[in-house]
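In what follows, a single structure is set out as C-alpha cells and then discussed.
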Amino acid sequence: MEGNAKVNIGIIGMGNMGKLYYEQLSHMEHCRVVSIWSQKEEKVSKLAAEYGVQGFTDYIEMLDAGNLDAVIVATPHYQHTTVTIEALRRNIHVLVEKPVAAHVNDAQRMIAVYEEQKKLTPDLVFAAIYQQRTTPQWQYIQQVVQDGKLGKLMRFAWFNTNWFRPQAYFNVGNWRGTWKGEGGGVLLNQCAHNLDMMWWLFGLPQAITATASFGKYHDIEVEDEVHAILEYPGGLMGSFIASTSECPGTDRLEIVGEYGKLVYEHKKVTLYQNTESALDYIQHAKQAFGTVKHDVAEIAWDNCTGPGHERILADFLQAIAEKREPLVPAAEGLNSLMIINGMVLSSIRESKVRLPLDGNEYDQELQKLIQNSTYRKPDSNHDHVTVDVKDSFR
C-alpha cells in the first residue's frame with residue numbers, strides 16, 4: 001500500500017456482525033471490501049452478488065487470492081485462532097472479533113505468530129474489536145481511576161445481569177451454548193467486553209474464586225450464571241456477577257477508594273468525592289461514630305454507545321495507513337481471556353485459581369468437557385468453519 005491507496009478488505013464470517021462490518025466499511029473512504037467468506041454456498045453467492053464482491057466458501061482460497069491487505073475475522077470463537085494465524089502468516093493485517101480466542105493457549109499461539117511475522121513485516125497490524133473502550137462513559141471512568149481521584153482502591157462490585165437471552169438465541173446455531181462449538185457461555189460470549197473493561201480499569205487479579213452454573217436456566221452446557229471474587233495486588237477486592245437469565249437485568253459498577261466512590265448505572269456516573277482519606281480518618285478520628293464528609297457530582301451521557309464499532313474499524317484502517325499500533329492491540333485480549341478462563345476453572349475445580357493462568361491446566365479441563373459432552377443440537381444455517389476442535393489445542 002502506498003500513498004492514498006485503498007485498503008482491500010475481506011470479511012471472514014457473514015453472520016450479523018460480518019454484515020454490520022460490511023455496511024460500516026462501505027461508507028468509509030479509504031477502504032473497499034473485495035471478498036467475503038461463508039461456509040454456506042447459497043448464502044455467500046447471494047451476498048457476493050448483492051455486495052458486488054468475490055465470495056468464497058474456502059477461507060484459505062480467499063486468503064491466497066492475492067488481493068487482500070486486511071481481513072476482519074467474525075467467525076465462531078475457536079476459529080478465530082486458525083483463521084487469524086493463516087492470515088498473519090500471509091502478512092495480511094487482521095482485526096479479530098471478541099473474544100480473541102476461546103482459551104489462553106490459543107490466544108498465545110496467535111500472539112506468537114504475530115510477533116514472529118512482525119520481524120519480517122514490522123508494519124503488520126493485529127487488532128481486536130473491544131469497542132467499549134471508545135465510549136465516553138468508559139473513557140471518563142478509566143480517567144477517574146487512572147488519575148487517582150479515588151486514591152487507593154479498596155473494592156469494586158459489578159453486576160452484569162443485563163444480558164438476558166431466551167432459549168431461541170441458543171437454538172439458532174449448532175455451535176451456540178456448547179463447549180465444542182463455543183468454548184464458553186455468558187463470560188466468553190456476552191461479558192467479554194465487560195471483562196476487557198475490568199482489566200483496563202484494574203489490571204490483572206492475582207487470584208479468582210468463582211462459582212458458575214452450567215445450563216441452570218437454559219438448555220445449554222456452558223455457564224449461564226457466574227459469581228466471582230477477585231483479589232488484586234495491594235489489597236483491592238472485586239466481585240463480579242453475570243447472568244443471561246435475569247429480566248429485568250442490572251448493569252451496575254461500583255468502585256470504592258479511600259477518597260470516595262464511583263457508581264455507574266443507567267447511563268450515569270455518580271461520583272462521591274471525600275474531603276479526606278477514609279483510611280486516614282479510620283486511624284486518626286476522635287469520634288467513635290464519626291464519618292468523612294463528601295461532595296456528590298453526577299455526569300450523564302445522552303448516547304453511551306457511540307460509534308464504537310465504526311471507531312474501531314476506522315482506527316484499524318488508520319493504523320495500517322500510519323504504520324502504528326491500533327487502539328486495541330489484539331494481544332491485550334489475552335488479559336480478559338485469562339480472567340474468563342480463570343473463573344471457569346475455579347468453578348470446575350471448586351477452588352481458588354492463581355493468575356497468570358497456566359493455559360495447559362485450563363486446556364485439560366476444557367478438553368474433558370468437550371470429550372465427555374453428550375449434548376446434541378440440530379443443524380443450523382449459521383456460519384461454522386469446519387475445523388477439528390483439536391486443532392485449537394496444538
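The values are calculated or read from the model by the stated rules, or taken from the named source; none is laboratory data. Computed from a prediction, not measured in an experiment: that's the story for all the values here. Here Cβ is always computed from backbone atoms with ideal geometry, including for glycine, and neighbour counts include all displayed protein chains. Each accessible area value is taken on the protein alone, full model and side chains, heavy atoms only, with ligands, DNA and RNA left out. Shrake-Rupley method; radii C 1.70, N 1.55, O 1.52, S 1.80 Å.
General remarks:
- Candidates are the residues of region 349-368 that are open to solvent by less than 50 Å² (accessible area, probe 1.4 Å) and part of a helix (DSSP H, G or I); the one that is nearest to ALA107 (Cα to Cα) is GLY359.
- Unmet requirement for ASN335, which otherwise passes all of (1) assigned to a loop (DSSP other than H, G, I, E, B); (2) surrounded by 16 or more Cβ atoms within 10 Å (Cβ to Cβ): (1)
- Residues of region 352-375 that are more than 23 Å from HIS227 (Cβ to Cβ) and in contact with a Gly (Cβ under 7 Å, 6 or more places away or on another chain): none at all.
- The criterion of at least 2 residues that are acidic (Asp, Glu) and under 20 Å from the mean Cα position of the chain (by Cα) is met by the following strands (runs of 3 or more DSSP E) wholly inside region 216-258: 223-231.
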